[in-house]
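Take a look at the following structure, please.
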Amino acid sequence: MERSIERIWKEGFLESDALVAPKLNNLYTRKSIHIIDKFTRMFKINLKAIVVFSFVVLVASFFAKIPVLGVLMFILFNTIVIVNRKLLKGLKEIDKNVSSYQYLKDFDNWMKEQILTNVKMSRFIYPYIFLAMLAGFWFSSSFQETLDEVLGSHQIYFLKGIPVFWVLGILLITGVLAYFGGALYKLDLKIVYGRVLKKLDEIIADMDELKAE
């Protein structure tokens with residue numbers, strides 16, 4: 001009867017007369033540990049960088065006299081960090097006492113859940129950033145003066161005091177960002193974690209191939 005790869009892994013691929021088995025097991029174990037540790041380390045560093053950046057943006061916005069933008073971005077960045085820290089707790093709860101194969105599969109499942117959560121958030125994050133920028137400049141005194149000059153000479157575009165084409169343009173851009181938000185996040189993910197995730201997929205594919213044999 002064929003044994004599952006999980007059982008083989010727990011036994012270390014060990015057979016009394018199979019000297020190559022422990023080497024294979026050790027190779028995949030070391031690869032698994034390296035990949036997951038590297039991703040976890042990068043993930044934590046990224047979250048810390050977002051927190052630091054949120055404070056930089058907040059302080060800089062007051063010097064640039066657009067504090068509304070700084071406050072809104074500060075709230076957004078730290079909300080992203082809070083959500084992902086909660087997701088990180090799920091990673092820590094993965095049982096490490098299982099086989100290397102099962103541990104990698106559990107990690108892969110966690111990763112998919114993490115990506116799905118952030119994809120959903122991104123449909124709101126990118127429109128939020130755009131609207132936050134508009135709000136920041138809208139409440140800026142220098143921008144208001146420029147806006148009054150521009151709109152003052154284009155009264156034809158107003159409908160009951162509302163700059164119709166401007167509003168339509170804002171709604172259009174917001175809708176486009178909401179629609180492509182998930183794709184934009186996946187692009188960011190590929191840029192930051194692309195190599196690590198590719199290695200993870202390769203290792204799991206190798207293990208699945210061994211399991212099928």
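With each label point set 7 Å from Cα along the Cα-Cβ vector, what nm distance links Glu202 and Val83?
Label at Glu202, label at Val83, 3.2 nm between them.
Multiplying the sequence separation of Ile75 and Lys38 by 0.36 nm and subtracting their Cα-Cα distance, what value in nm do you get?
The Ile75-Lys38 span can extend by a further 10.5 nm.
With 22 Å as the limit, write out which pairs from Lys44/Lys89; Lys48/Lys199; Lys38/Lys86; Lys96/Lys190 have Cα-Cα distances beyond it, or answer none.
Violating the 22 Å limit, Cα to Cα: Lys48/Lys199; Lys96/Lys190.
Can you work out the FRET efficiency for the pair Trp166 and Ile191, with r the C-beta to C-beta distance and R0 = 25 Å, to the nearest 0.05?
Given R0 = 25 Å and the Cβ-Cβ separation, E is 0.15.
Let me ask something else about it. To the nearest 0.05, how large is the calculated FRET efficiency for Phe137 and Glu113 if R₀ is 35 Å and r is the Cβ-Cβ distance?
E between Phe137 and Glu113, to the nearest 0.05, is 0.40.
We did not get these values from a lab; they are worked out from the coordinates using the rules stated. None of these values were measured; they are calculated from a predicted model. FYI the Cβ positions are ideal-geometry reconstructions off the backbone, even for glycines, and counts take in every protein chain you see.
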